[in-house]
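Asker: Submitted below is the structure of interest, expressed as structure tokens.
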Amino acid sequence: MPIESAKSSVSDFDSSNADNSIEPIEKRSIVDEELERVFEQLRIDTKNQDANRLDMVNAAIQYIRDQLKSESLDEDIKRQYVDKLVALQLEKQKIEECTETGKVVVIEKGHEFALQRSRGRHNPYCEVCMHTIWRLVQSWRRCEVCGFRAHDKCCQSVSQICPGVVVSKPDFELVTDFPTESTLLDQDFKCAECYSDVGYGSSSEPRLCSYTGQLYCKNCHWNDSLPLPATLVHSLDGSRRAVCRSAKRLLSLIENRPLIDMSRASPILIKCHSDFKRVQKFRRNFLYMKCYFVSCRNARKLRILQYLNQHQHFVEGADLYSIKELRLLCDGTLIRDLEGIHTVFRKHIEKECEICKGNGFYCELCETQDKSNEIIFPFSDDVSLCPICLASFHTKCFEKHSMHCPRCERRKRRLELKTNLSNPFDPPAEKPQQQSSNRSSEIRGNYSNS
């Protein structure tokens, strides 16, 4: 059987209780208890205590669909039903894919545990029992989503929800603010994840996670260090700080995802930081260049936009960044990469491609002959754009003519002419006044003659 059935039921996997940041230990809900009764009834009907996992998932999906048809559901319960339905649909899809490929995968709490090879350089630690995994004599599995490692026998005892479940929620938002640090008294002298006893001066001293601001035991906090989103967003500081295991898995999973809107999270940093202003200028130019590449068959043939590689969202907007991009911006790597890409794009448009070059602009406001014949582009230096029609002009020429755009003026006159030609029988606006004045003169003439 490609999917191994864990002893704990499918209801142990709950995405509705997963918090936006980290949900270390799962909490059972009313929906879980209802599904547990559904699974128990399924085992009784099939007379099989180890029912097929796919059958259990299908039974849970059908039960939730029947419950959602009721109009008397509370909004909170309805939301839990919908979240559970989405999670079960994803699990069903994964089971069917693994069935087709013949791959042995254990699904538990959203983790997709795949069997690992016995040979390797290092023996990892099991994150459930905290013992060494001896590769040659012990089988072990690793989550293909978040990298959680555990013995094969320990996969059924996992209590942490996979970060992939948290990230897949539609209302997920990355925490970019500095956390409020908790004290032992606030946490009742318990670990924030496994709720084991912690205290200073004992064998289990608490360790602070810089991402969540909470205290953890040594089993849940291995002194891993990563750059924090808060320090990257607000001060562009890429120094590494200690985080717990759950935070490390979450941040590692979303490292390459553009989830940070800098225009909303830190607008002052974009305006004041010199490196950020250069990156923003490159991104605006990429958006202009994309318009040329989309209409150019040579660019499509060369697949020139693939130069951006992991920065494909740069041609979709100018504000979203990933954690990795902010970290590369701190050490100067991002600017060097973007400069090289910008040079390649600009060379193609201005020199190599006649199609792109033919879509350039002439400055219609130039008074000198040499500059008026120069082809300019929206991304060229010292060039301003009309905010309405996006025509390009030299900045000095545009400011000298009080930002008056001749292209917009031509379009306005053309629209007026088209309107007049479309209604040739309608009298012009001045004609009724002329008729009334002529009528008045006739009346005055008739009055004088009489």
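All of the numbers you see were taken from the coordinates with simple rules; none came from a lab. Just so it is clear, the structure is predicted and the values come from calculations on it, not from any experiment. Backbone-built Cβ (ideal geometry, glycine too); neighbour counts: all protein chains shown.
Asker: Using θ = phi - 60° and the Karplus curve 6.51 cos²θ - 1.76 cosθ + 1.60, what whole-Hz ³J(HN,Hα) does each residue of segment 86-91 get, with Gly and Pro shown as x?
Answerer: 4, 5, 5, 5, 5, 5
Asker: At most 12 other Cβ atoms within 10 Å and a DSSP loop assignment: could you name the chymotrypsin sites (Phe, Trp or Tyr not before Pro) in segment 165-214 that fit?
Answerer: Qualifying residues, ordered by number: 200.
Asker: Another question about this same structure. Order of 305-317, 323-335 by packing, highest average Cβ count within 10 Å first?
Answerer: 323-335, 305-317
Asker: Distance from the Cα centre of segment 114-145 to that of segment 236-311, in angstrom?
Answerer: One Cα centre to the other: 35 Å.
Asker: Suppose every K and R has +1 on its Cβ and every D and E has -1 on its Cβ; what is the size of the dipole of segment 361-426 about the Cα centre, in Debye to the nearest 20?
Answerer: That gives a dipole near 320 debye.
Asker: So if I place +1 on the C-beta of Lys and Arg and -1 on the C-beta of Asp and Glu, and nothing else carries charge, what would the dipole magnitude of the chain be about its Cα centre? I want it in debye, nearest 20.
Answerer: Its charge dipole is roughly 2000 debye.
Asker: May I pose another question? Apply the Karplus curve 6.51 cos²θ - 1.76 cosθ + 1.60, θ = phi - 60°, to the phi angles in segment 314-323 and return the couplings in whole Hz, x for Gly and Pro.
Answerer: 5, 9, 10, x, 10, 10, 7, 9, 9, 4
Asker: Could you pull out the trypsin sites (Lys or Arg not before Pro) across segment 291-322 that fall in loop regions by DSSP (anything but H, G, I, E, B) with no more than 11 other Cβ atoms inside 10 Å?
Answerer: 303
Asker: What is the calculated FRET efficiency for residue 310 to residue 43, with r their C-beta to C-beta distance and R₀ = 51 Å, to the nearest 0.05?
Answerer: So the FRET efficiency works out to roughly 0.60.
Asker: Still on this structure: So for the chain, averaging the separation of alpha carbon pairs under 8 Å that are six or more residues apart and normalising by length, what relative contact order in percent results?
Answerer: Once divided by the residue count of the chain, the mean separation gives 10 percent.
Asker: To continue, here is another question. Which chymotrypsin sites (Phe, Trp or Tyr not before Pro) from segment 94-147 combine a DSSP loop assignment with at most 15 other Cβ atoms within 10 Å?
Answerer: Qualifying residues, ordered by number: 134.
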